[in-house]
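To keep things clear, I will list the structure first and then write my remarks on it.
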Amino acid sequence: MTVSAYGSPGGPVVHDPMTLPADDNVNSYTFCVELKGSQWFLQKGKMIAYYGSIDFNGIGHGRLDRLVRTSFHSPLHASDWVVAEGSGKMLLADRAFDVNSYDLDDGNLTIRSGNLLAFQPSLSLKQSIVPGFLTLIGTGKFVAASNGPVAFMEPPIRVDPQALVGWADCPSPCHHYDHGYMTGVMGGLRAMTGIGGTSGEEHQFEFVGAGTVLLQSSEALMAELATGAVPHEPGVPGSGGAPGHQGQHGQQAGSPRLPGQLGDLQRRFGL
Amino acid sequence: MFRLQGSKVLAVDMTGDAVKAKNGSMVAYDGQMAFKKMSGGGEGVRGMVTRRLTGEQMTVMEVKGHGTCWFADRASEINLVNLQGDKLYVESSNLLATDAGLRTGTSFTGLRGASQGNGLFTTTVEGHGQAAIMSDGPAVLLRVSSQYPLVVDPGAYIAHQGNVRQSFQSGVTFRTFMGEGGGEAFQIRFEGDGLVYVQPSERNTIAGDA
């Protein structure tokens, strides 16, 4: 095999700024963004290399304040994001997970906070009502990571909570418990006594309505990113704010309460 | 002769010659093979002392024989590098195997090494032959040339070869200390003529979130 010193025909592909794609994947795990005096938002620490002159600035610093106002509606977690601006080509990657870009055309998409890597400022980022999720609204491109390739599904569908990456165009997401199984003789016994264990699939997310649901092909979760605290107010999910009646609130943590379960006796007797 | 079987297993066909490989990385072989642990990275007493001093410890074995030997390590992606008299700089933890004819040594990296959390020294591989380096996720090869200098995140850097100058650039400003840093506080800038290998994943570095 004849090989020239640096990079060779027949050898591994060598990239330079001319051969790197513009706003496309280099391979399944690396994404290349082309900046031409434009800006991108990216999560801290996801840039692995760049050609050209690119500046990285924390959001919320003077000059960029306007950007935060126009496309960054959650100043609460602005410290996890930086703005890349300048001209050149920049490679993004995240813990060797699959990365993909998605185009939104005057649409909306809600995504698990840890999965979003970068997005164009033409999109605006908002915190979802669902805790731990972010919503992108508008027109533009964003880059997201997933553990394994992403599958696109049409609702109505029930999905495993760990496999859910996000959803687009407002299907209605809700929790679904396999009530039939859990209250049946076998399932009920198991749930009450803990003997025999559970299949681990009694709890699902259900989506109905028109739209698309994004699933990753592995149930290994990516690290959650703090999405910032929501205001402590009654009626705001995940805020921990005291609801009107304190008594009901304590039951929400942990496993679902089934009617007739032992735990309920305690509550009924006020213990 | 090195070849990849899939992207995570290195197969080496040997006819009486030898390779140096990371200790314990053999997963299978056929034919006749002898495995000999080499102290000090196979660099003799001098190597033993410098590697101990520099912290670039590397336990290496020499594999010699007739047949095929397969190597793998923790399902890391493997990249083959052909060396034609030039020098490859790689972290010892990323080096899987080299032709026995290649010389290995250590070299000082200065601040770059410190920012990577890998110590101040790196391993060099020099000569004519093949080497196999490991990465977390398939490595991307980026060319550095005079008109295209390259900037790399220290956590994603795994190796480079060729005639390349590296300098350390820091984006640390007062904002970093206010928690509003650019997230890419430390960067390595490569200039000259050569290749840089980056992996699609970042090691934890000292300045990881700064």
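What follows draws every value from the coordinates through simple rules; no lab data is involved. Because the structure is predicted, anything quoted here is derived from the model rather than measured. Reconstructed Cβ throughout: ideal geometry from the backbone, glycine too, with neighbour counts over all protein chains shown.
Close amide H pairs (under 5 Å, H built 1.01 Å from N) link A:Asp16 with B:Arg143, residues at least 5 positions away or on another chain. The 3J(HN,Hα) values that the Karplus relation (6.51, -1.76, 1.60; θ = phi - 60°) gives for segment A:124-140 are, in residue order, 10, 9, 10, 7, 6, 5, 6, x, x, 10, 10, 10, 10, 10, x, 10, x Hz. Gly and Pro appear as x.
Under a 5 Å amide H cut-off, with hydrogens placed 1.01 Å from N, B:Lys87 pairs with B:Gly162 among residues at least 5 apart or on other chains. Separation of segment A:126-160 and segment A:86-104 by C-alpha centroid, Å? Each part reduced to its Cα centre gives a spacing of 16 Å.
Residues whose amide H comes within less than 5 Å of that of A:Ser87, counting only those at least five positions distant or on another chain, are A:Gly37, A:Ser53 (H built at 1.01 Å from N in the peptide plane).
Checking the Cα-Cα distances for A:Lys44/B:Lys8; B:Lys37/B:Lys64; A:Lys89/B:Lys8; A:Lys46/A:Lys141 against a 22 Å cut-off, the pairs over it are A:Lys44/B:Lys8; A:Lys89/B:Lys8. Report the local net charge at B:Val27: Lys and Arg +1, Asp and Glu -1, summed over other residues whose C-beta lies under 13 Å from its C-beta. Charge balance near B:Val27 sits at +1. Note on B:128-136: average number of Cβ atoms from other chains within 10 Å of each residue's Cβ is 1. Between A:Ser38 and B:Thr15, the simple label model (points 7 Å from Cα in the Cβ direction) yields a spacing of 5.5 nm. Here each label is just a point 7 Å from Cα along the line to Cβ, and for B:Ala34 and A:Thr212 those points are 6.1 nm apart.
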